[in-house]
Each structure stands twice: as structure tokens, then as C-alpha cells.
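A quick write-up on the structure given underneath.
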Amino acid sequence: MPLLREKGIHLYIRREDTIHPLISGNKYRKLKYNLLEAKKQGKDTLLTFGGAFSNHIAATACAGHEQGIKTIGVIRGEELQDNWQDNPTLTLAHEHGMQFHFVSRADYRLKSEPLFIQNLKDRFGDVYVLPEGGTNDLAVKGCMEILTEEDTIFDYICCAVGTGGTVAGLINAARPHQTVLGFPALKGDFLIEEIRTFVHNDRWKLVTDYHFGGYAKVDRPLIDFINLFKSKTGIPLDPIYTGKMLFGIFDLVKKGVFPHGTQILAIHTGGLQGIKGMNRILKKKNLPLLDV
Ligand SMILES: *Cc1c(COP(=O)(O)O)cnc(C)c1O
């Protein structure tokens, strides 16, 4: 890419999107130790939370299916009760055996409250509960394994941020000479505190300028960038997380933020299953579609 050459920046993409066809990227890492723990505790069902386009919901359903653990998805939005079949993510999850429990947006906000969780346990039995996005200590431990010994050559490690579990794992695994940059896919300052509860150092920053108006919001420049990136590199990006992160990295490079010779590792956290659902929305809005 001419811009990178001109600025003397070395950019590498870690293809976590290719580690499993359906349990993609960081969601595989986040589930790994949780599935082991569920089995160790003798639980036969895993219950978790997510929205209608959640990569975590899709991944949990597929991982449970593969590992012989039943899955229940507590899904945000009662209105989906009658038309979830129109949603590609929920259809995929259903095909892999996930049972859905739809709740109102108001109830969904209570998803971390002990009483709300107890009510779910009363209803569904002795289930292993995994928080929204799959983020907990075991998920952070799994995400530390994204980085390898050879990655010590990098100056910066970049990652998209949703609930913060993945970036927390990278922060804990990074070496003292490295800086981790997290690119939140949603608005709000609460993430910094959330990430702090999981990490042991302060060699990290959140770059909050590239959420494009909020979670799952996209615009034409972003879509054009994702399609151009794919045509130039052959690497598909998802519009909710990795597309925004790479848009951000290129913009920072353009602005001269990184010195000549900087080595950047960007983590491709997957999420490609969400493209189908996004294209349906883009079509309704008369925006160009993402190439698949
Ligand atoms: C879930 C997800 C993220 C965010 O991971 P968190 O650990 O929740 O911050 C980033 N990229 C993709 C593709 C995801 O599906």
C-alpha cells in the first residue's frame, strides 16, 4: 500500500478470523477456557447474552454444538421473538442448537445483576453463565494466547474493542516496550474502567475517534474503505469491528502519528459472519453493499 510505504510503516495483520470457519477470531479464544471450566464444573448448558448481530452468540452456539454443551442465548429485543428467522446471526445460532430467550431492552440492561441472573437460573436450571461478549477472567486468559514469542518485534499492537476482554488479554501479554491500542466500536468512556479491572499494566490507550457514531453504525467512507481494502489485499474486514480499527490505523498513519520504521501488528478478530446481516441493513438504506 502506497501510504504505508510513503510513511515507512510496517503493518501486519494477524488472521484470527481464519482459525475456525464459524467460531471466529477472538470469540474462539474467549470461549476456550470457559468451555473447559463449564465441563469441569459438570455443567451441561451454557447461558449467555447478546444482541441480534452478536458474533459472540453465533460463536457460542457453534462451539457448544461442537463440544456437546447445550446453549441458551438471552437475546436483546422482545420484538425478535416472532421474526428472528429473518436474522442471519440468530438463524446460524439456531441451526447449531441454541435455545433463545428474548428479553426487552430494559430487562437486558439488568444482565449483570445477581437477581436477574438468579431468575434465569431458576428458570433454566444449573447453567454456566457467561457475561455479554463472553468477557470474564478466563476469556482474558484465552486472549493472552493471541500473541506469540515472535511478536516481540512489534512496537504497537492494535485491536478492536467491544466489551474489552480481548484488548485486556493483549495488554497483559504485551512486552514492556510495546503499546496496545484499542479501537472501541462503540461510544462511551465506561470501557476504560472495565478494561482496568482485568489488566496489570498501563502501556495501553483507547483510540476513541473511530466508532462512526456508535455500535454497528456505518457510513459510506467506511464501506468504501472496507471494499477497497479487500480488493487490494484480499483480506475481508467486518463493518462493526475490524473495518473501523483498520480505517483508524490508516488515518493515524496518514496523520503521521507513528514514526518512520514503526512495526504495527493489527489483530483481525473475525466477525465476518455479520456481513450478511449488515448488507440487509445497507440495502434498506440504499447504501453500497459490502463485497463478500
Ligand atoms: C466481539 C468482537 C470484538 C470485541 O471483543 P471484546 O473482547 O468484546 O472487546 C472485536 N472484533 C470482533 C470481530 C468481535 O466479534
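The values are calculated or read from the model by the stated rules, or taken from the named source; none is laboratory data. Computed from a predicted structure; not experimentally measured. When we count neighbours, we look across all protein chains shown, and the Cβ atoms used for this are built from the backbone with ideal geometry, even at glycine. Accessible surface areas use protein heavy atoms only, side chains included; no ligands, DNA or RNA. Shrake-Rupley method; radii C 1.70, N 1.55, O 1.52, S 1.80 Å.
Taken together, Arg76, Arg29, Arg14, Arg5 contain a single residue that is more than 14 Å from the ligand (Cβ to nearest atom) and closer than 30 Å to Gln263 by Cβ, which is Arg5. Could you please let me know if Leu228 is open to solvent by 10 Å² or more (accessible area, probe 1.4 Å) and free of Cβ contacts under 8 Å to residues at least 40 places away in the same chain? Yes.
Would you confirm whether or not the stretch 204-221 contains a residue that is open to solvent by less than 30 Å² (accessible area, probe 1.4 Å) and of a type in the set (Lys, Arg)? Scanning the stretch 204-221 turns up no residue that is open to solvent by less than 30 Å² (accessible area, probe 1.4 Å) and of a type in the set (Lys, Arg).
In this structure, Glu132 does satisfy being within 26 Å of Ala168 (Cβ to Cβ), within 16 Å of the ligand (Cβ to nearest atom), acidic (Asp, Glu) and open to solvent by less than 70 Å² (accessible area, probe 1.4 Å). Going by the structure shown, is Ala58 small (Gly, Ala, Ser), assigned to a helix (DSSP H, G or I), more than 18 Å from Gly274 (Cα to Cα) and in contact with a strand residue (DSSP E or B) (Cβ under 9 Å, 6 or more places away or on another chain)? No, not satisfied. Just one of the listed residues (Phe49, Phe53) is within 14 Å of the ligand (Cβ to nearest atom) and modelled with pLDDT of 95 or more, and it is Phe49. Taking (1) open to solvent by less than 50 Å² (accessible area, probe 1.4 Å); (2) under 18 Å from Arg14 (Cα atoms) in turn, Asp155 satisfies each apart from (1). Annotation note: of Glu145, Glu149, Glu194, the sole residue that is over 22 Å from Ala52 (Cα atoms), under 19 Å from the mean Cα position of the chain (by Cα) and either open to solvent by 70 Å² or more (accessible area, probe 1.4 Å) or outside the structural domain of Ile249 (by TED's automatic domain parsing) (or both) is Glu194.
Residues checked against (1) more than 20 Å from Ile75 (Cα to Cα); (2) open to solvent by less than 50 Å² (accessible area, probe 1.4 Å):
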{"site": "Arg5", "(1), (2)": "yes, no"}
{"site": "Pro21", "(1), (2)": "yes, no"}
{"site": "Tyr33", "(1), (2)": "yes, yes"}
{"site": "Leu46", "(1), (2)": "no, yes"}
{"site": "Cys62", "(1), (2)": "no, yes"}
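Taken as a whole, the stretch 170-190 holds at least one residue that is touching a residue at least 40 places away in the same chain (Cβ under 8 Å) and within 20 Å of Leu31 (Cβ to Cβ). Selection of the stretch 135-162 for residues being in a loop (DSSP other than H, G, I, E, B), within 14 Å of the ligand (Cβ to nearest atom) and among the charged types (D, E, K, R) yields only Glu145.
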